[in-house]
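FYI, it's all coordinate maths here, none of it is from the lab. Because the structure is a prediction, the values reported are computed rather than measured. Glycine also receives a Cβ, built like all others from the backbone with ideal geometry; neighbour counts cover every protein chain displayed.
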Amino acid sequence: MSNDSREIKFVANPTQRKFIESRAEADLFDSRKGEGKSCSLAWAIFYHTKHNPGATWLVIRDTWENLRRTTLSEFLMWFPDGVFGTWVAGNKEYIWNPACGMKGKVIFLGAETEDDSSKIASMPLAGVAIDEPSPAAGSSGGVAEFIFDTALAQLRQPKMNWYAAKLAQNNPDESHWTYRRFWEPGQPPNLKSNLLPAQESGFKAWQTQEPENLANLPPDYYESMKQRWAHRPDLLRRFAEGKHGFQQIGKALTPEWDDTMHLVDNLEPIPGEQLHLFWDGGLNPTCVIAQVSNLGKLLILESHVGDGIGMLQLIESVVKARLTTRFRGFSWRHIGDPNLVSKDQGNSETRASRVITKELGGAFIQGPVDEDSRIEPLRALLKRNDLVVDKHRAREVWYALRGGWHRHISRTGAVGSIEKNEHSHPGDATGYGTAVLFPMGKLLKRTQSVATRQPAGYYNRAPGGDSLGMAQRGAKVPKEGRTLGEK
């Protein structure tokens with residue numbers, strides 16, 4: 001592109017070009033550092049506007065200050081104010097110069113919280129670009145998923161050939177919403193979608209396998225990075241190696257975790273072996289479904305975590321369905337947070353432990369109150385490689401044990417209490433269960449276990465029968481098998 005005063009020379013790298021020219025409903029460019037992410041966004045805006053005259057674009061980053069220093073600076077480097085368009089600082093808009101064959105505008109917006117979605121809701125857009133939607137480091141920063149969805153809903157500007165949503169960032173943690181929306185499970189094409197003629201259905205993710213921008217980087221750029229950040233292998237994986245990976249925050253409660261040793265792609269239940277349901281409460285009620293193998297390994301088969309709901313809602317919406325489908329015919333018992341016995345966390349009329357036993361049958365065993373008693377057995381199992389987790393069905397436990405379940409570290413380096421976040425609930429639930437099954441990290445002998453000492457009716461069994469598939473649902477549980485704490 002050129003005019004009387006300036007010519008732009010830009011040769012896109014292979015992955016950049018695919019990202020820029022893609023006509024998918026949304027595109028994500030994940031990469032290591034130095035691969036030209038902000039540059040890719042700028043040229044994606046240009047490419048789309050060139051083919052969709054009059055397009056209005058919205059560019060988003062977590063804060064206006066970050067947007068101004070990085071994304072906007074990169075954009076104006078390629079398309080300077082007064083040459084290819086006009087930067088209107090008061091409106092935070094860039095207006096393309098029709099004399100250069102371009103027509104349209106680009107709006108720049110900082111969106112720090114979900115409340116900023118109100119600034120987007122009235123904009124008819126042709127395209128949206130989000131720079132660094134996942135935080136580079138730490139737990140703060142990034143752009144909320146709700147902002148992304150709000151912007152997608154505004155892609156309705158008339159007379160466009162296709163709409164564009166372009167996101168670019170360093171490779172994220174697998175727990176981030178961008179990984180879920182674009183990688184696993186992602187959003188595949190929908191052949192029944194009613195889209196604009198030039199639009200391609202589905203979301204697409206783009207990732208460089210090897211560095212593609214070395215010619216524009218200092219010598220030994222990545223080697224120097226590896227030396228400086230040797231103490232942060234989690235960041236090296238994302239920033240230098242170009243891979244997805246967990247971002248370590250604080251001091252992990254289970255530092256023995258190793259993806260290569262403790263993670264399994266498809267962990268199937270052992271026929272005839274009873275299930276152990278581990279529970280944690282609060283407004284993020286959690287159920288972890290586990291078994292112990294004949295070799296004494298703890299198998300984490302599934303995990304289910306509610307969001308802003310009660311225990312009853314989790315059971316009715318998820319847990320019952322799993323027990324009557326995948327685990328039909330198995331027996332089970334419950335182990336969990338001792339607070340579930342006394343606190344009103346199931347619904348407005350009863351306590352959570354009663355909700356669990358009433359809805360699912362069986363009895364409830366309280367886990368230990370103190371932290372060490374539920375953390376140390378887990379660490380012992382991990383050290384011996386006697387714990388495995390299903391990567392897909394028990395994703396929440398994986399995220400917790402690999403470091404999401406952690407102690408806070410202050411700016412001075414002091415190690416504090418356990419951080420209460422989305423990872424603490426599956427971590428706590430797994431800890432309660434492990435503490436009962438493997439006190440001091442050792443499996444109770446089957447002849448001495450709680451399982452074999454309980455009278456008939458202690459376990460609930462689902463061989464088929466009523467609508468819940470429970471032969472003993474209505475059976476009276478003997479006193480010894482009642483929920484602990486009941487009279």
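At 0.36 nm per residue, and after removing the present C-alpha to C-alpha distance, how many nm does the segment from residue 273 to residue 369 gain when stretched out fully?
On the way: separation 96, 0.36 × 96 = 34.56 nm, distance 2.78 nm.
Gain on stretching residue 273 to residue 369: 31.8 nm.
Based on other C-beta atoms within 10 Å, arrange 229, 257 from fewest to most. Walk me through the numbers before you get to the answer.
Values: 229 14, 257 22.
If I rank by nearby Cβ atoms, fewest first, I get 229, 257.
Send over the Kirkwood Rh of segment 1-87, from the inverse of the averaged 1/r over different Cα pairs, rounded to one decimal Å.
On the way: mean 1/r = 0.0710 Å⁻¹.
In segment 1-87 this quantity evaluates to 14.1 Å.
In debye, nearest 20: dipole of segment 1-116 around its Cα centre with unit charges on the Cβ of K, R (+) and D, E (-)?
500 debye
Would you please calculate the Kirkwood hydrodynamic radius of segment 42-90 over all C-alpha pairs and express it in Å, rounded to one decimal? Before the final figure, lay out each step's value.
Working: mean 1/r = 0.0851 Å⁻¹.
It is 11.7 Å.
Kirkwood Rh over Cα pairs of the chain into Stokes-Einstein at 37 °C, 0.692 mPa s: D in µm²/s?
On the way: Rh = 25.2 Å.
The Stokes-Einstein estimate is 130 µm²/s.
Provide, as a two-decimal number, the C-alpha radius of gyration of segment 143-292 over 2.2 N^0.38 Å, N being how many residues it has.
Values: Rg = 21.1 Å, N = 150, 2.2 N^0.38 = 14.8 Å.
So the Cα radius of gyration is 1.43 times the expected 2.2 N^0.38 Å.
Below 9 angstrom from the Cβ of residue 381, what's the summed charge of the other residues (Lys, Arg +1; Asp, Glu -1)? Walk me through the numbers on the way to the answer.
Working: positive: 297, 379, 383, 384; negative: 256, 386.
It works out to a net charge of +2.
Give the whole-number value, in cubic angstrom per residue, of the convex hull volume spanned by the C-alpha atoms of segment 268-339. Don't skip to the answer; put the middle values down first.
Numbers: hull volume 6.0 nm³, N = 72.
For segment 268-339, the hull spanned by Cα atoms encloses 83 Å³ per residue.
Based on the Cα gyration tensor of segment 14-215, what are the three equivalent ellipsoid semi-axes, each the root of five times an eigenvalue, rounded to whole Å and given largest first?
Over the Cα atoms of segment 14-215, the ellipsoid semi-axes are 23, 20, 18 Å.
Pick out, from 353, 124, 388, the residue whose Cα sits farthest towards the positive end of the charge dipole of the chain, with +1 on the Cβ of Lys and Arg and -1 on the Cβ of Asp and Glu.
The residue sitting farthest along the positive end of the dipole is 353.
Rg to Rh for segment 142-209: what is it, with Cα atoms only and Rh by Kirkwood? Let's see the in-between values first.
Working: Rg = 13.2 Å, Rh = 13.6 Å.
Answer for segment 142-209: 0.97.
Restricting to lysines 8 or more places apart or on different chains, can you count the pairs in segment 291-443 with Cα atoms under 22 Å from each other?
9
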